[in-house]
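See structure below.
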Amino acid sequence: MSKRENYISWDEYFMGVALLSGKRSKDPSTQVGACIVNTQNKIVGVGYNGLPIGISDDEFPWQKQGSFLETKYPYVCHAELNAILNNIGISLHGCKIYTALFPCNECTKAIIQSGIGEVIYLSDKYATQDSFVASKKMLEKAGIAMRKMEAQQKHIALSFEEGDV
Ligand SMILES: O=c1ccn([C@H]2C[C@H](O)[C@@H](COP(=O)(O)O)O2)c(=O)[nH]1
Ligand SMILES: [Zn+2]
């Protein structure tokens, strides 16, 4: 029997892990997942957008509109920051971060400070907002590579049916 040919690429694998992490998010509008990978293609941190540890998902707002304190924005910890903070306790110097959404300016500062060398993203839906314009500016100046992921396989299905393994 010869080798299976339609296996997923490293990019698809790591972005897939980022997207699966995002499935844990309680944000009703935008679920973001992030996955940090070292130079040996080992996963060293994952995260998704959610409330900080110990803060109930049911007691804080998830809305986008209204006065600042009544929205989710001051409370949600972003996926990229969570992935950095959840890392396995190593230096992230030279690592890559796969993220479903291009990082905001706050996540970008954390990415730069942690030594991550490349950002791979899927969606850039907020590209025109100041926060994201600032991110690009900082990443460029800091010499951090960024690229939009081009997947060969647009959809990957997972089955939890034991007979499908
Ligand atoms: O770098 C980022 C930027 C945003 N997020 C999170 C924060 C929020 O939970 C959502 C954005 O919500 P919208 O309703 O689309 O404004 O995405 C993140 O994790 N990382
Ligand atoms: Zn962010």
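Here is how the numbers come out for the structure above:
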item: Test: residue in segment 65-81 that is closer than 18 Å to SER123 by Cβ and surrounded by fewer than 15 Cβ atoms within 10 Å (Cβ to Cβ); result: no
item: Matching residues in segment 96-105 - criterion: being within 11 Å of ligand 2 (Cβ to nearest atom) and either open to solvent by less than 30 Å² (accessible area, probe 1.4 Å) or under 22 Å from PHE14 (Cα atoms) (or both); result: THR99, LEU101, PHE102, PRO103, CYS104
item: Residues within segment 106-128 that are in contact with a helix residue (DSSP H, G or I) (Cβ under 6 Å, 6 or more places away or on another chain) and either open to solvent by 40 Å² or more (accessible area, probe 1.4 Å) or among the acidic types (Asp, Glu) (or both), tallied; result: 1
item: Positions within segment 8-46 being surrounded by fewer than 18 Cβ atoms within 10 Å (Cβ to Cβ) and of a type in the set (Phe, Trp, Tyr), in sequence order; result: TRP10, TYR13
item: Test result for LEU92, touching a helix residue (DSSP H, G or I) at 6+ places or on another chain (Cβ under 7 Å) and more than 15 Å from ligand 2 (Cβ to nearest atom); result: yes
item: Contacts under 6 angstrom Cβ, first residue in segment 85-114 being touching a residue at least 40 places away in the same chain (Cβ under 8 Å) and in a strand (DSSP E or B), partner among the polar types (S, T, N, Q) and within 11 Å of ligand 1 (Cβ to nearest atom), 6 or more apart; result: LEU101/SER123
item: Qualifying position, being β-branched (Val, Ile, Thr), more than 20 Å from LYS148 (Cβ to Cβ) and either in contact with a Pro (Cβ under 6 Å, 6 or more places away or on another chain) or at pLDDT 95 or above (or both), among ILE53, ILE97, ILE112, ILE36; result: ILE53
item: Breaking point among (1) open to solvent by 40 Å² or more (accessible area, probe 1.4 Å); (2) within 17 Å of ARG24 (Cα to Cα), for ASN49; result: (1)
item: Qualifying residue in segment 71-83 (condition: out of contact with any Ser or Thr (no Cβ under 7 Å at 6 or more places or on another chain), over 17 Å from THR30 (Cα atoms) and not aliphatic (A, V, I, L, M)); result: no
item: Residue selected from segment 65-82 under the condition among the hydroxyl-bearing types (Ser, Thr, Tyr) and closer than 30 Å to ILE116 by Cα, by the criterion nearest to ligand 1 (Cβ to nearest atom); result: TYR73
item: Test: residue in segment 52-63 that is within 16 Å of ligand 2 (Cβ to nearest atom), of a type in the set (S, T, N, Q) and open to solvent by less than 60 Å² (accessible area, probe 1.4 Å); result: no
item: Residues (under 16 Å from the mean Cα position of the chain (by Cα) and open to solvent by 60 Å² or more (accessible area, probe 1.4 Å)) located in segment 129-149; result: ARG147, LYS148
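This table checks each residue for (1) in a loop (DSSP other than H, G, I, E, B); (2) among the small types (Gly, Ala, Ser); (3) touching a strand residue (DSSP E or B) at 6+ places or on another chain (Cβ under 6 Å); (4) without any contact (Cβ under 8 Å) to a residue 12 or more places away in the chain.
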| site | (1), (2), (3), (4) |
| --- | --- |
| ARG4 | yes, no, no, yes |
| LEU20 | no, no, no, no |
| GLY45 | no, yes, yes, no |
| GLU59 | yes, no, no, yes |
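The values are calculated or read from the model by the stated rules, or taken from the named source; none is laboratory data. Everything numeric in this text was worked out from a predicted model, so none of it was measured. FYI the Cβ positions are ideal-geometry reconstructions off the backbone, even for glycines, and counts take in every protein chain you see. Heads up: the accessible areas ignore ligands, DNA and RNA and are worked out on the full protein's heavy atoms, side chains in. Shrake-Rupley method; radii C 1.70, N 1.55, O 1.52, S 1.80 Å.
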